[in-house]
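This report concerns only the one structure given below.
Laboratory data are not the source of any read-out in this text; all were calculated from the coordinates shown. Every value quoted in this text rests on a predicted model; they were computed, and no experiment measured them. Cβ placement follows ideal geometry from the backbone for every residue including glycine, while neighbour counts extend to all protein chains displayed.
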Amino acid sequence: MLVCLLDSMISVHAQAADAWSAGYHELTFPDPLDSQPMQAIAFYPSTGSEQSSIIQGYRVEAGEDAPIAMGRFPLLLLSHGNTGTPLALHDLATSLARQGFVVVAVVHPGDNDRDHSRLGSLSNLYGRPLQISEAISSALLDPMLSPYLNARQVGVIGYSAGGETALILAGARPDLKRLRQYCLERPGDRDACKTQGELVADRDDLHAQADPRVGALMLMAPLSLMFGRHTLGDVHVPVLMYAGDDDQLLAIDRNAEALARKLPQAPDYRLLAGAGHFVFMAPCSDEQRATAPLLCNDPDGVDREDIHRTLSAEAVRFFTTALSAADPDRSGMQTAHHQ
């Protein structure tokens with residue numbers, strides 16, 4: 001009977017893949033730094049009709065609490081950049097959901113588009129990974145989501161400072177001296193060195209804490225200059241990494257390029273010609289282009305929509321393979337995806 005039930009679930013999962021839409025479900029759980037409520041949005045495969053929703057000003061192709069598809073799906077956590085919002089990456093999240101992943105997009109307290117109170121502090125550096133870990137636990141206990149999650153297949157997507165967060169979760173340890181030295185060498189880097197290379201020491205009880213549940217990382221324009229070869233020595237999960245060679249915000253020679261050389265296991269690294277830092281954000285509406293041209297407009301010859309189609313397809317292939325390897329006993333339950 002059990003074998004028949006599992007076979008039935010696998011069959012429904014595979015058959016439904018082409019027809020899945022995306023749903024979303026809001027999560028609230030305690031911030032591990034101060035026990036205050038923090039938020040995340042889970043995007044998941046749905047058997048409901050295609051819906052479009054407005055979430056905090058973003059038009060997102062997902063329906064709130066739409067019926068969830070049958071299956072046991074891999075869990076991906078999304079960590080946004082400094083002062084950002086995970087909704088800026090909504091198209092990647094919904095694309096992955098349609099292909100059979102549950103993507104929990106976390107809003108980092110004190111470091112998001114509405115609240116900058118922890119920016120430049122140790123509590124932010126070390127607290128962000130703790131918040132992702134708490135989000136994993138919350139999703140695995142959520143009454144709606146937990147029956148459909150494979151707890152042994154967990155990955156993290158990190159954009160910009162979210163890349164730093166993801167690396168810590170995989171075992172990297174920031175070296176604060178590297179930030180100080182970088183800012184002595186390049187004081188003109190207004191983003192990385194806005195505090196002259198010194199982080200506010202507001203929580204001396206915090207430290208880098210890895211999460212052994214994390215089995216794969218996807219990094220986009222990662223902030224990673226605080227990691228040297230020795231502090232990356234414990235990162236042994238597969239990594240898919242992207243950067244733009246015209247990134248005006250993060251110096252790629254000291255971030256993505258250096259990271260690609262220093263990781264113990266060589267990442268699958270893609271350098272996008274002509275692309276800037278913000279190309280990884282979802283393609284903008286006309287209104288967004290008018291109000292936020294820096295975030296929305298790309299150089300001539302850079303097709304953000306085409307890049308995002310490729311990103312989504314490659315993310316599906318990467319996580320399907322990497323997380324199957326992390327959980328060989330249940331690889332048959334892996335998400336089906338378009339060929």
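Below, the figures for the structure above:
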read-out: Residue among L294, L179, L240 with the largest mean-square fluctuation in a Gaussian network model of the chain, springs linking Cα atoms under 10 Å; value: L294
read-out: Gain upon complete extension [D204, A273; 0.36 nm per residue less C-alpha separation]; value: 20.7 nm
read-out: Candidates D175, D189, D204, ranked by Gaussian network fluctuation over the chain, Cα under 10 Å, top entry; value: D204
read-out: Surrounding net charge for A135, when Lys and Arg each add one and Asp and Glu each subtract one, Cβ distance under 14 Å; value: -3
read-out: Amide hydrogen neighbours beyond the local backbone of A216, cut-off 5 Å, H modeled; value: V156
read-out: Pair T195, S117: separation of 7 Å Cα→Cβ label points (nm); value: 1.6
read-out: Under 5 Å, built H, 5+ apart or other chain: amide partners of E64; value: Y24
read-out: Kirkwood Rh in Å, taken over the range 262-329 so that all alpha-carbon pairs contribute; value: 14.3
read-out: Charge-dipole axis of the range 161-254 as Lys and Arg at +1 and Asp and Glu at -1 on Cβ define it, positive-most pick from G244, G162, A210; value: A210
read-out: DSSP bridge orientation in the chain - percent antiparallel, rounded to nearest 5; value: 40
read-out: Pair-distance profile P(r), taking every C-alpha pair of the range 184-339, with 5 angstrom steps and integer %; value: 1, 8, 14, 16, 17, 17, 13, 9, 4, 1, 0
read-out: In nm, spacing of pseudo-spin labels at T28 and Q265 (7 Å Cα→C-beta vector); value: 3.8
read-out: Spin-label model distance (nm) - L141 vs S52, 7 Å beyond Cα toward Cβ; value: 3.8
read-out: Full-extension gain in nm, E257 to T310, via 0.36 nm per residue minus C-alpha separation; value: 17.0 nm
read-out: Debye equation applied to the C-alpha atoms of the chain, log10 I(q)/I(0) at 0.13 Å⁻¹; value: -0.96
read-out: Length-normalised contact order for the chain - Cα pairs under 8 Å, 6+ apart - percent; value: 17
read-out: Rounded to the nearest 20 debye, dipole of the chain from Cβ charges on Lys, Arg, Asp, Glu; value: 800
read-out: Modelled label reach - R180, point 7 Å along Cα→Cβ, the range 243-260 residues with backbone N closer than 19 Å; value: none
read-out: Most mobile of A208, A93, A22 in a GNM of the chain (Cα contacts under 10 Å); value: A208
